[in-house]
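The values are calculated or read from the model by the stated rules, or taken from the named source; none is laboratory data. Note that this is a predicted model, so its numbers are computed, not measured. Positions of Cβ are generated from backbone atoms using ideal geometry, with glycine treated the same way; all protein chains shown enter the neighbour counts. Side chains are part of the model used for accessible areas, which takes the heavy atoms of the whole protein and leaves out ligands, DNA and RNA. Shrake-Rupley method; radii C 1.70, N 1.55, O 1.52, S 1.80 Å.
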Amino acid sequence: MDRRQLLEYVKTKYGTAPDYPWSDGNAVLRHADSRKWYGLVMEVGRDKLGLQGAGTVDALNVKCDPTLAGALRQQEGFHPAYHMNKEKWITIRLDGSAPDDQIKSLLDLSYALTEAGKRRREKQRPEGHRL
């Protein structure tokens, strides 16, 4: 899966249009209602991910269960999160090294994990009370 395919997937599945808050082409994927991040698509120096060679690679940061993140980091195409909490986020290279279905599943998980706070607040709110 490359950057273009990933952005098409989130547009189709979640109605997400990428947000470009910086002038470097890196794109934030946000929930439409809360604006909370569930992904970050970025260009990262190969050296920053411990890869051989010069240049950059497109990558995706997603929120992930810490146990799952640890296991994924042992697989090709997965790295400790770049510029994010390395326990709860993971970086996935978008160069074909990680299977498309796995990337989609991890995006879906990240989307669900980043909604949890909202659902928790709604459950705690008294019946009939709206903000």
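Screening Tyr20 on (1) at pLDDT 95 or above; (2) of a type outside the set (D, E, K, R); (3) farther than 14 Å from Tyr82 by Cβ shows it passes everything except condition (1). For the stretch 75-85, a residue qualifies if it is more than 10 Å from the chain's Cα centre (by Cα) and assigned to a loop (DSSP other than H, G, I, E, B), and the qualifying residues are Gln75, Glu76, Gly77, Tyr82, His83, Met84, Asn85. So in the stretch 54-83, with the set limited to residues that are farther than 24 Å from His31 by Cα and among the aliphatic types (A, V, I, L, M), which one is surrounded by the fewest Cβ atoms within 10 Å (Cβ to Cβ)? By that ranking, first place goes to Ala54. Looking at the stretch 33-63, which of its residues are within 17 Å of Glu8 (Cβ to Cβ) and among the small types (Gly, Ala, Ser)? The one that is within 17 Å of Glu8 (Cβ to Cβ) and among the small types (Gly, Ala, Ser): Gly39. Evaluation of Lys104 against the conditions (1) of a type in the set (Lys, Arg); (2) modelled with pLDDT of 95 or more; (3) surrounded by fewer than 12 Cβ atoms within 10 Å (Cβ to Cβ) shows that the sole unmet condition is (3). Filtered by the rule that a residue be in a loop (DSSP other than H, G, I, E, B) and either in contact with a Pro (Cβ under 7 Å, 6 or more places away or on another chain) or of a type in the set (D, E, K, R) (or both), the stretch 20-74 gives Asp24, Asp33, Arg35, Lys36, Asp65, Arg73. When the stretch 86-101 is limited to residues that are outside any strand (DSSP E or B) and closer than 12 Å to Asp65 by Cα, the one that is modelled with the highest pLDDT turns out to be Lys88.
Quick one: is Lys63 more than 16 Å from Ser105 (Cα to Cα) and under 12 Å from the mean Cα position of the chain (by Cα)? No.
Would the stretch 84-92 turn up any residue that is surrounded by 14 or more Cβ atoms within 10 Å (Cβ to Cβ) and over 24 Å from Pro18 (Cα atoms)? Scanning the stretch 84-92, I find no residue that is surrounded by 14 or more Cβ atoms within 10 Å (Cβ to Cβ) and over 24 Å from Pro18 (Cα atoms), so the answer is no. There is at least one residue in the stretch 1-12 that is open to solvent by less than 40 Å² (accessible area, probe 1.4 Å) and not in a helix (DSSP H, G or I). Considered as a group, the residues in the stretch 35-53 that are more than 16 Å from the chain's Cα centre (by Cα) and open to solvent by 50 Å² or more (accessible area, probe 1.4 Å) include one that is farthest from His79 (Cα to Cα), and that residue is Gly53.
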